[in-house]
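See below for the structure under consideration.
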Amino acid sequence: MAYVYDPTNVFARILRGEIPCHRVLETEHSLAFRDIRPQAPVHVLVIPKGPYVTFDHFAAAASAAEIADFVAAVARAAAAAGVSPAEGGAGYRLLANAGPHSHQEVPHMHVHILGGRPLGPLLVPAA
């Protein structure tokens with residue numbers, strides 16, 4: 001599959017400084033910031049700085065340095081947000097949507113860190 005990255009998406013605009021964000025963490029290859037429509041008391045988004053559409057696109061096309069940086073940034077952002085069990089937090093959920101069936105709203109790969117309260121089951125079983 002050919003991935004087509006849209007450089008006008010909101011996360012690309014945040015990376016370029018055109019739209020402000022509440023930064024939680026920034027590294028050489030990643031940016032973590034608070035979601036503007038939080039779905040839990042803690043809702044942080046972590047994005048790679050490169051032009052990747054989905055997680056599988058990122059895994060296939062990103063450099064080893066970008067991938068390692070991103071994985072570490074997710075862990076560090078969870079700790080900074082106070083939800084990492086390794087740092088005394090009560091836990092968190094990671095969520096990454098990919099494509100239309102997942103309801104991916106922004107065509108830039110990103111991971112949601114959700115926490116700050118019990119989150120309940122991940123999905124409701126299909127009828």
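Laboratory data are not the source of any read-out in this text; all were calculated from the coordinates shown. It should be emphasised that the depicted structure is a prediction, and the values quoted were computed from it without experimental measurement. Counting neighbours? That spans all protein chains shown, and the Cβs are built from the backbone with ideal geometry, glycine included.
Packing order of peptides 42-52, 60-70, highest average first: 42-52, 60-70 (average count of other Cβ atoms within 10 Å over each peptide's residues).
Couplings 3J(HN,Hα) of segment 24-35, computed from phi: 9, 7, 9, 10, 4, 10, 9, 9, 10, 8, 6, 6 Hz, in residue order, whole Hz [Karplus 6.51 cos²θ - 1.76 cosθ + 1.60, θ = phi - 60°; x for Gly and Pro].
Proximity of backbone amide H atoms, modeled 1.01 Å from N, is registered between residue 30 and 49 at under 5 Å, excluding neighbours fewer than 5 places apart on the same chain. Think of each Lys and Arg Cβ as +1 and each Asp and Glu Cβ as -1; about the Cα centre, that makes the dipole of the chain roughly 340 debye. Length available on full extension from residue 64 to residue 37: 0.36 nm per residue minus the Cα-Cα distance, which gives 6.6 nm.
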